[in-house]
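Before any comments, here is the structure.
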Amino acid sequence: MQELYDQFYQLLELTPMNFFREQHQTINWEVRILGILGQKGVGKSTLILQHIKQQGNRDESLYVVADDIYFAAHTLLDTAKDFFVRGGKYLYIDEIHKYENWSREIKNIYDSLPLLHIVYSGSSMLDLKEGGADLSRRVIEYHLPVWSFREYLNLRCGWSLKPATLEEVLKGKVDFPFGPERPLKYFGDYMKKGCYPFSMEPEFETRLRQIINTTVEVDIPKYAKMTIAATQKLKKFMYYISKSVPVKINYSDMARDLGLDRDDLPKYLEYLEKAELVSILRMRANGDAILRKMDKLYLHNPNMAYVMSGELPNTGNSRETIFFCWTKQKFETLESPISDFEIEGKTFEVGGRKKGKKQIEDAKEGYVVKDDIEYAFDNQVPLWMFGFLY
């Protein structure tokens, strides 16, 4: 047990306190059990350690990583009991998706130690009903998205820019310090590596590639209980996607191009979407119902395209990818029947400076989103402003 405390204290000392994601303030840290989920690398571990450090209750807290070698000989339940009898009150478990039968173990801790608070973090793939231990009525879960353009600017420049509503964005009213500062000066760099908190580290590309590889080669196979052969097929499918997106989803064509079983592809796509490696744009059915037809496929964010493609990604693809990535964090973003996207009845056509209004002429409320303009005018809105939605 002492080694767990030693590791925890060392990590706590190294945790920076100069910048907090705003999600830290929206989380109800007082509930008995909460989960913080999200893509690997978005800052879940730092968020938890910052909270512990800020609260100043180190002696009543313990932070552990679920795949630590310590748990080869000890269970989470036994560790929680040992921690509690030592006066522990707050147990934080990171990377819980790497622990076998995690949900049953958490349920046992919850039921047997009613005075202990539990916070866990893990992949967005996690299923609260996994292994027959239904936690859905006990746990409050929060999702931590990739960094927005606004958050990137705040971290890089030391600013305190505020988020904007969709209505404010459409009117061009966002909290940017115009004058000597210009948004497009930073936007290109954000598109390459600004979606992650380690964007300014020299080995950014290597680290992001490792995150993608680990998710495909380890996390998803463990979650889906894949064989080695199936894992190799999943890697092949992910590589195909990275070279093709955005692409209309046609399983027969994909299976033919890849030499894979058509029946396997929907499952692979589900896993990749849950792990936030890809995003699927769906269509609206007639009337108000949502037709769960998967129509168009994107990588989750443009940073991944820069790392995986090995070449400069298509500009048009990157525009659509980041628009979808940002807007789906706050809204149900669907494919527009007449243009690119539809959000709450509004139609959006995404393009460059020369993009015209033809695609939105028949829209009840339509907007042209352009990636190389600074200001909103009429129904033309800069793409970068949507990066202020959260």
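Miscellaneous remarks
- Scanning the range 1-20 for residues that are assigned to a loop (DSSP other than H, G, I, E, B), in contact (Cβ under 8 Å) with a residue 60 or more places away in the chain and either of a type in the set (A, V, I, L, M) or in contact with an Asp or Glu (Cβ under 7 Å, 6 or more places away or on another chain) (or both) gives a single hit, 1.
- Hey, residue 93 touching a strand residue (DSSP E or B) at 6+ places or on another chain (Cβ under 9 Å) and free of Cβ contacts under 8 Å to residues at least 60 places away in the same chain or not: yes
- Test: residue in the range 36-46 that is hydroxyl-bearing (Ser, Thr, Tyr), closer than 30 Å to residue 213 by Cα and assigned to a loop (DSSP other than H, G, I, E, B): no
- Within the range 345-390, the set of residues being over 14 Å from residue 168 (Cα atoms) and aromatic (Phe, Trp, Tyr) comprises 348 only.
- Residue within the range 72-82 that is part of a loop (DSSP other than H, G, I, E, B), charged (D, E, K, R) and in the same structural domain as residue 27 (by TED's automatic domain parsing) present: no
- Among the residues listed as 40, 44, the single one being buried (at least 19 other Cβ atoms within 10 Å of the Cβ) and either outside the structural domain of residue 104 (by TED's automatic domain parsing) or at pLDDT below 95 (or both): 40
- One residue from 78, 59 being loosely packed, with under 15 Cβ neighbours inside 10 Å and either touching a residue at least 12 places away in the same chain (Cβ under 8 Å) or closer than 16 Å to residue 34 by Cβ (or both): 59
- All of 355, 296, 328 fail the test of being more than 24 Å from the chain's Cα centre (by Cα), of a type outside the set (S, T, N, Q), assigned by TED's automatic domain parsing to the domain that holds residue 275 and crowded, with 16+ Cβ neighbours inside 10 Å, apart from 355.
- Hits in the range 149-173 - residues which are part of a helix (DSSP H, G or I) and not basic (Lys, Arg): 149, 151, 152, 153, 154, 155, 157, 166, 167, 168, 169, 170
- Residue check for residue 209: in the same structural domain as residue 312 (by TED's automatic domain parsing), in contact (Cβ under 8 Å) with a residue 60 or more places away in the chain and of a type in the set (Lys, Arg): yes
- Of the helices (runs of 4 or more DSSP H) lying entirely inside the range 196-268, the ones with 2 or more residues being among the aromatic types (Phe, Trp, Tyr) and modelled with pLDDT under 95 are found at 228-244.
- Listed by position, the strands (runs of 3 or more DSSP E) contained in the range 298-352 that have at least 1 residues being in contact (Cβ under 8 Å) with a residue 40 or more places away in the chain, more than 19 Å from residue 269 (Cα to Cα) and among the polar types (S, T, N, Q) form an empty set.
- Evaluation of residue 200 against (1) closer than 30 Å to residue 153 by Cβ; (2) crowded, with 16+ Cβ neighbours inside 10 Å; (3) of a type in the set (A, V, I, L, M) (one fails), failing number: (2)
- Taken together, the criteria exclude residue 278 from residues that are more than 16 Å from the chain's Cα centre (by Cα), crowded, with 17+ Cβ neighbours inside 10 Å and without any contact (Cβ under 8 Å) to a residue 60 or more places away in the chain.
The values are calculated or read from the model by the stated rules, or taken from the named source; none is laboratory data. Just so you know, these numbers come straight off a predicted model, no measurement behind them. No Cβ is skipped: glycine too gets one built from the backbone with ideal geometry, and neighbour counts run over all protein chains shown.
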